Amino acid sequence: MGVIKGVLKEELQNSLGMKAGYEKALRELPKGSLSILKRNGKGYYYLKYREKGRVINKYIGIPQAGMVEKYRTAVKMRKKYRHLLSVVKKQIRFLRGTLRGKESI
């Protein structure tokens, strides 16, 4: 039984490290989504996100080469990291419960 608990503790430590890594990656990515407002036939790009319950529209500018793709990629990565973070949090909860003896191995 001691070997199994050791493996579970090691897995818990790995999961906590992955959680910290995903949270760091999410902090480094830009928040929100990219939106376009057209004025006088030109498209102006804004980054929309929430801050303290309010919607913030941060002006980015007229699109430059690669800028739109950069933000679209960031949005996809944010979605991916949120999903992975959710999975790791569930795994951590399971491992902690198992190590306490509440769930069967």
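The values are calculated or read from the model by the stated rules, or taken from the named source; none is laboratory data. Predicted model, so just to flag it, every value in this text is computed and none were measured. Every residue, glycine as well, gets a Cβ built from its backbone with ideal geometry; the counts of neighbours run over all protein chains shown.
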Inset, instruction - Could you grab the pairs with beta carbons closer than 6 Å, sequence gap of 6+ or different chains, first residue in region 53-81 and assigned to a helix (DSSP H, G or I), second one loosely packed, with under 12 Cβ neighbours inside 10 Å? - result: none
Inset, instruction - Give the residue, chosen from G41, G32, G53, that is modelled with pLDDT under 90 and exposed (fewer than 12 other Cβ atoms within 10 Å of the Cβ). - result: G41
Legend entry - Condition check for L29: within 30 Å of I62 (Cα to Cα) and of a type in the set (A, V, I, L, M, F, W, C): yes
Inset, instruction - Check whether at least one residue in region 86-99 is assigned to a strand (DSSP E or B), at pLDDT 85 or above and not basic (K, R), and report yes or no. - result: no
Inset, instruction - Look at R27 and say whether it is at pLDDT below 95, charged (D, E, K, R) and either surrounded by 15 or more Cβ atoms within 10 Å (Cβ to Cβ) or under 30 Å from R100 (Cα atoms) (or both). - result: no
Inset, instruction - Output the residue which, of all residues in region 30-52 that are in a strand (DSSP E or B) and of a type in the set (S, T, N, Q), is nearest to R96 (Cα to Cα). - result: S33
Inset, instruction - Might you check whether a residue that is β-branched (V, I, T) and exposed (fewer than 13 other Cβ atoms within 10 Å of the Cβ) occurs anywhere in region 73-80? - result: yes
Inset, instruction - Could you check S86 against (1) surrounded by 15 or more Cβ atoms within 10 Å (Cβ to Cβ); (2) among the hydroxyl-bearing types (S, T, Y); (3) without any contact (Cβ under 8 Å) to a residue 12 or more places away in the chain and say which number it fails? - result: (1)
Inset, instruction - Name the single residue, out of those in region 1-24 being within 23 Å of V88 (Cβ to Cβ) and surrounded by fewer than 12 Cβ atoms within 10 Å (Cβ to Cβ), that is nearest to the chain's Cα centre (by Cα). - result: K24
